[in-house]
1. Are there any pairs with C-beta distances below 7 angstrom linking a residue in the range 162-175 that is touching a residue at least 40 places away in the same chain (Cβ under 8 Å) to a residue that is among the basic types (Lys, Arg), with the two at least 6 apart or on different chains, and if so which?
2. Tell me which residues, restricted to the range 85-114, are surrounded by 15 or more Cβ atoms within 10 Å (Cβ to Cβ), charged (D, E, K, R) and modelled with pLDDT of 95 or more.
3. If you go through the range 149-161 one residue at a time, do you hit one that is over 15 Å from Leu68 (Cα atoms), of a type in the set (D, E, K, R), surrounded by fewer than 19 Cβ atoms within 10 Å (Cβ to Cβ) and at pLDDT below 95?
4. State the number of residues belonging to the range 29-60 that are part of a loop (DSSP other than H, G, I, E, B) and surrounded by 12 or more Cβ atoms within 10 Å (Cβ to Cβ).
5. Of all residues being over 22 Å from Trp41 (Cα atoms) and under 16 Å from the mean Cα position of the chain (by Cα) in the range 115-132, which is surrounded by the most Cβ atoms within 10 Å (Cβ to Cβ)? Just the residue, please.
6. Any residue at all in the range 62-80 that is touching a Leu at 6+ places or on another chain (Cβ under 7 Å), surrounded by fewer than 21 Cβ atoms within 10 Å (Cβ to Cβ) and not in a loop (DSSP other than H, G, I, E, B)?
7. So if I check each of Arg65, Arg58, which one is in contact with a Phe, Trp or Tyr (Cβ under 8 Å, 6 or more places away or on another chain), basic (Lys, Arg) and within 25 Å of Phe6 (Cα to Cα)?
Amino acid sequence: MLGYSFLADKIVLIDYPARRLAILLRAGDARPLTHSCRTHWTVPLRTVDSFPVIPGFRFGGAHARVSLDTGSTGSIGLFKSALDLPGVRGNLHEAGTITRTGARGEAKSTSYRFDAPVGFGPFALPAGVFVSTYGDDGSKDTRVANVGNTLLATMKLRLLLDYRDKTMGFYGDCK
């Protein structure tokens, strides 16, 4: 779990399947670590409250911005505003309680199975991903959910955060 305070001035590659972290001098130093990946998606690194934002995250047929929290053990945490997206509330089915850990410590929350695909860019997971809810309102203008390390690990991605050049690259289908 690495949060903004550590990452803010760095270029970092997180290889979720291998459970490795590389701190790089230049973004180009990531090439040997990503050249075997067949799927790649890069977006500008924009932040909300110091969290990088993933644009166009898909919740079934709905699309919205979500924040990426590399300091969180969670998967997808929905803010109240996410529940107003078309199809989101109807695809939630209670599945127990989870404990997630982040910068503010541990928090317990109700867990739900989300019965529609989720994803962003060229990456997707089928229906059945577990999500939780937050008491925060969130906003369709800023972010409707927070995604953490568990989601990126489940998607088997490599993440290149380049805070210097303000880009965020996601790599998947790596050999």
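The values are calculated or read from the model by the stated rules, or taken from the named source; none is laboratory data. Just so it is clear, the model here is predicted, and its values are computed rather than measured. All Cβ positions, glycine included, derive from the backbone under ideal geometry; neighbour counts span all protein chains shown.
1. Tyr163/Lys10; Tyr171/Arg158; Gly172/Lys156; Asp173/Arg38; Cys174/Arg158
2. Scanning the range 85-114 gives a single hit, Arg113.
3. So far as the range 149-161 goes, no, none of its residues is over 15 Å from Leu68 (Cα atoms), of a type in the set (D, E, K, R), surrounded by fewer than 19 Cβ atoms within 10 Å (Cβ to Cβ) and at pLDDT below 95.
4. The initial filter retains those residues of the range 29-60 that are part of a loop (DSSP other than H, G, I, E, B), namely 35-36, 45-46, 49-50, 60.
Cutting the leftovers down to surrounded by 12 or more Cβ atoms within 10 Å (Cβ to Cβ) gives us 45-46, 50, 60.
So the count comes out to 4.
5. Ranking the qualifying residues of the range 115-132, first place goes to Val131.
6. yes
7. On the way: Arg58 fails: within 25 Å of Phe6 (Cα to Cα).
One residue alone meets the criteria, Arg65.
Conditions (1) under 17 Å from Leu151 (Cβ atoms); (2) free of Cβ contacts under 8 Å to residues at least 40 places away in the same chain; (3) aliphatic (A, V, I, L, M); (4) in contact with a Lys or Arg (Cβ under 6 Å, 6 or more places away or on another chain), marked per residue:
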| position | (1), (2), (3), (4) |
| --- | --- |
| Asp15 | yes, no, no, yes |
| Gly28 | no, yes, no, no |
| Thr39 | yes, no, no, no |
| Arg58 | yes, no, no, no |
| Val66 | yes, no, yes, yes |
| Thr73 | yes, no, no, yes |
| Gly77 | yes, no, no, no |
| Ala82 | yes, no, yes, no |
